[in-house]
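What follows is one structure encoded as C-alpha cells, with my remarks underneath.
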Amino acid sequence: MATRALFLERIRREVEKGGEFFPAVTASRPAHPSDAAELVKRQMAERWPEALDRFKVEFERVAGVFHRVAGWGDVPDVIVEIAREKAARSVVAWDESALGLDLRPRLEAEGLSVAVGGTGAGDENARRRHREDSARALIGVTGADFVLAETGTLILLSGRGRPRTTSLLPDAHIAVFDRTRLVESLAQVGILLEALHEDPTRAMSGAMINLITGPSRTADIELTLTRGVHGPKDVHAIFVGMP
C-alpha cells in the first residue's frame, strides 16, 4: 500500500475507535426568531432545575468548579474565598451593568484591587488599560449570556463593559449566572442568538461569541496535555438561586 494511502487508512481506523458522541444535523433557522425565543424561555422557566443539574455534571466532568449561592449579595464572598486560595491581589470584571452587581465595595474591603471593563464607545485607551489589567490579574469575573447544559459550556458575548479579555487572560475565570441564562441544547442557543440579532438595537456591540467548556487545554504532537496555555487554568461557575 502506498505511503499516503496507508497514512489515511490509519487515520480512518483511529477515528472509528471514537464512535459518534451525538448525531450532527443542521438546524433550520426559525422563520420568526422572537417568537421561537419566547417559546424557549417559557420551556426553560419550567425545566431549568433539570438543566442546572445536567450543567453541573457536565461542567465538573471538564474540570470546572461549581458553586451555588442564595442571592447576588453572596457572590463576592465566593470570589474572596477563591482569591485567598490563589493568593490573588487583583481582579478584573465586567462592568456592573453587564455583570449584574458591583463587586468593588466588598472586594476592595478585603484588600483586592478591582478593574472593570469600560462602557464608552471608541475608547481605545480604556480597552488597552483593561487588556493590561487582565494580563496582570489572577482572576477575571464575568456573567454568562447563555449556559449550555448538554456540554457544560459557558457562552459569553463581547461588547461594551464586557471585554473578552476578562475571561481569556487571567489565571482563573469566574462566571456568574442565574436560572434565566440556562438552556438545554445548542439548537436553543442558536434560536436565542437569532432573536438577539433580529433587531439591530438589541444586538451586542462586540464581535465575539466565546464558548467556554472548562479550562484551557492544549496538547502537543505527543498528546501531552497542558492546561492554561491559551486561556485560564481554572474555570468557576457561580449559580445564583436556591430551590
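Every number in this text was worked out from the coordinates using simple rules, so none of it is lab data. A quick note: this is a predicted structure, and the numbers were derived from the prediction, not measured. Positions of Cβ are backbone-derived with ideal geometry, glycine not excepted, and every protein chain shown enters the neighbour counts.
What lysines could a cross-link reach from K233, if we take a straight Cα to Cα line under 18 Å and drop same-chain neighbours fewer than 8 places away?
Hits, sequence-local ones excluded: K86.
With a 10 Å radius around each residue's Cβ, average the other Cβ atoms per peptide and rank 156-162, 186-192, highest first.
Result, highest mean Cβ count within 10 Å first: 156-162, 186-192.
Where in the chain is the longest stretch that carries no GluC sites (Glu not before Pro) classed as loop by DSSP and with at most 10 other Cβ atoms within 10 Å?
Formally, the longest exposed-site-free interval is 21-221.
Once both labels are modelled 7 Å past Cα along the beta-carbon direction, what's the L186-D102 spacing in nm?
That separation, rounded to one decimal, is 4.1 nm.
Per DSSP H run of n ≥ 4, the term is -39500 (n - 2.57); total these for the chain, divide by its residue number, and report the mean residue ellipticity at 222 nm rounded to 500 deg cm²/dmol.
Estimated from H runs of four or more residues: -12500 deg cm²/dmol.
Pull out the extension gain between A45 and I11, defined as 0.36 nm times the separation in residues minus the alpha carbon to alpha carbon distance; nm, one decimal.
7.8 nm
Most fluctuating residue of S134, S113, S28 in a GNM of the chain with Cα springs under 10 Å: which is it?
S28
According to the square roots a ≥ b ≥ c of the eigenvalues of the Cα gyration tensor, what is the shape class of segment 27-141, taking rounded for a/c under 1.5, prolate for a/b larger than b/c otherwise, and oblate for the remainder? Each step should come with its number before you reach the end.
Details: a/c = 2.23, a/b = 1.43, b/c = 1.56.
In terms of gyration-tensor shape, oblate.
Helix 33-61 versus the longest principal axis of the chain: what is the Cα-based angle in degrees, 0 to 90, to the nearest 10?
Helix 33-61 sits at roughly 80 degrees to that axis.
As a test, work out the antiparallel percent of DSSP beta bridges whose residues both lie in segment 30-240, rounded to the nearest 5.
Of those bridges, close to 30 percent are antiparallel.
After finding the eigenvalues of the alpha carbon gyration tensor for segment 30-240, what semi-axes result from the square roots of 5 times each, listed largest first in whole Å?
The answer is 26, 21, 18 Å, longest axis first.
Each label point is 7 Å from the Cα along the Cα-to-Cβ direction; what then is the distance between the points at H32 and E198, in nm?
0.8 nm
Sequence-distant or interchain residues sharing an amide H contact under 5 Å with H236, placed H: which?
Distant-sequence amide H within range of H236: V65, H173, I174, A175.
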